[in-house]
Amino acid sequence: MITRVQLPTVLREYTGGNTELDIEATDVDSALEQITTRYPILRRHLFTDRGELRGYVNVYLNDDDVRDLAHGGRTALRNNDVLLIVPSIAGGEDAAFSTEELQRYSRHFSLPDVGMEGQGRLRAARVLIVGAGGLGSPVALYLAAAGVGTIGIVDFDVIDVTNLQRQVLYVTSDVGRLKARVAAERLTQSNPHVRVVTHEVRLTRDNALDVIRDYDIIIDGTDNFPTRYLVNDACVLLGKPYVYGSILRFEGQVSVFTGRTGPCYRCLFREPPPPGLVPSCAEGGVLGVLPGIIGSLQALEAIKLIIRRGDSLIGRLVLFDALSFRFRELKLRRNPECPVCGDHPTVTGLIDYDEFCGIGERAMDNPQSQTVPEITAVELKERLDNGDAVVIIDVREQFEWDIANLSQYGAKLIPLDQVLDRKDEIDPNADIVLHCRSGARSAGALKQLRQHGFSRMWNLKGGIRAWASEIDPDMATY
Ligand code: ZN
């Protein structure tokens, strides 16, 4: 019977550097006898003078502690059995793994590149996940299962039924509860040895450095540009690695940014796209399994950084197209002109990221955006009730229209990318109210139409979501 014996790295010095030995033995005792005959110094470390296994040494046959087996050391070995020798590591209480941990992480202990040392690093690691949504779910689940000792979760959102299609941390009965809190419960259930710290706040320039400072690695689970630039800049300023991931529709991106030395997210994308150009997952849609793939890759990269093994994605950007099933890898270099990690940084503290991304109050000073007149759902309802002739143009996609619409008030569907081609269908002399889901796309449509002579236009503030919450609570929302 060939049995593979695996030894922890701490015993390597007694075995001529070997951590794996294939031996032929009939039972556990004879296997141990053979090893200690081959490496006599090892005998003193494993057995007492009376030949009993030392109390601080555990021997596992596959998953089971040999002491727990009915026949103990006389348990017969079968071909391909794995015998794992696990001594407690010197260095105090903190360093020793409990029996439960030794069993739980046995597949890591038997991996030479993880072993006791790597598992110890995982346990000592502190990882912050910004956003417990589609990406944050698989990241958090895998990091907790792997035994990352401290997991921080930043999220102030509540669970919505539309999240369940991809945010696998949550189940139906969690709808309406805070994501961070449910995530903490679920991760602790998955692995009680993990400490979960929740930050139920929106990250801002005022609190980001304080939150991020306490962690070794930051993982991007954000769904908006202001937060992503905020976290990137904070990571560069604090010198923390940032594991980047993003998803939309059928495509994803992953990379690792390395704090002060770069490259960073701004080296990749120096400026955010103008508001409304890149749809959010809510508007653009996302295939449910895609964040599972990209988030798992982020978890992988974080674990590699922690155990200090392998080649990280630093300096590489990976693009994944789920439909064509293609991974592409691009080189990513630090931009010496980068405003935050470059040679002469101009961003030396956190800035106003809403303004930077063109969606803040102060961005309204910009004449382009200042002149988007708004109408609230209540005001629109009043005008309709008064019998005013208002033309309602819905610039969402057909599937969104199918979920809920204002057709009973004569609304017409013209998706954003068709607005200019179909502008002749809109009466330029009418009072026009444009709307989308939450207001961003219809503001863009309004600006486009204004350049073609339309003037009496209003953007429905908060979109059809505002209508549903303020006027029609029975309306389906998404
Ligand atoms: Zn940079």
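Throughout, read-outs are computed from the coordinates displayed, never taken from laboratory work. Keep in mind that what you see is a predicted model, and the values were worked out from it rather than measured. Ideal geometry is used to build each Cβ from the backbone, glycine not excepted, and the neighbour counts take in all protein chains shown.
Annotations
- Computed from the alpha carbon positions, the gyration tensor of region 261-316 leads to an equivalent ellipsoid with semi-axes of 27, 19, 6 Å, biggest first.
- For region 172-183, 3J(HN,Hα) per residue [Karplus equation, 6.51 cos²θ - 1.76 cosθ + 1.60, θ = phi - 60°, Hz, x = Gly/Pro]: 3, 6, 7, 3, x, 8, 5, 4, 4, 5, 5, 4
- Cα-based Rg and Dmax for region 371-470, where Dmax is the largest Cα-Cα distance (Å): 12.1, 33
- Proximal lysines to LYS447, defined as alpha-carbon separation beneath 19 angstrom and excluding residues fewer than eight positions away on the same chain: LYS412, LYS423, LYS461
- Shape summary: region 125-363 maps onto an equivalent ellipsoid whose semi-axes, from the alpha-carbon gyration tensor, are 25, 20, 19 Å in decreasing order.
- For region 2-92: Kirkwood Rh in Å [reciprocal of mean 1/r, alpha carbons]: 13.2
- Relative contact order [Cα under 8 Å, 6+ residues apart], the chain, whole percent: 10
- Working note: Cα atoms of the chain, range along each principal axis, descending, whole Å: 100, 52, 39.
- Only DSSP H runs of four or more residues enter the estimate; each adds -39500 (n - 2.57), and after division by the residues of the chain the mean residue ellipticity at 222 nm equals -8500 deg cm²/dmol.
- Around the amide H of VAL5, modelled in the peptide plane, lie the amide H atoms of LEU21, ASP22, ILE23, LEU83, all under 5 Å away and 5 or more residues distant in sequence or on another chain.
- Note on GLU185, GLU101: ascending count of other Cβ atoms within 10 Å places them as GLU185, GLU101, the fewest first.
- Neighbour-limited loop hits for trypsin sites (Lys or Arg not before Pro), region 219-278 (at most 14 other Cβ within 10 Å; DSSP other than H, G, I, E, B): ARG270
- Only Lys, Arg, Asp and Glu carry charge here, each on its Cβ (+1 for the first two, -1 for the last two); on that basis the chain has a dipole of about 1220 debye about its Cα centre.
- Of the GluC sites (Glu not before Pro) in region 1-66, the ones in a loop by DSSP (not H, G, I, E or B) with at most 12 other beta carbons within 10 Å are GLU52.
- Nearest-ten-degree value, helix 28-38 long axis tilted from longest Cα axis of the chain: 70
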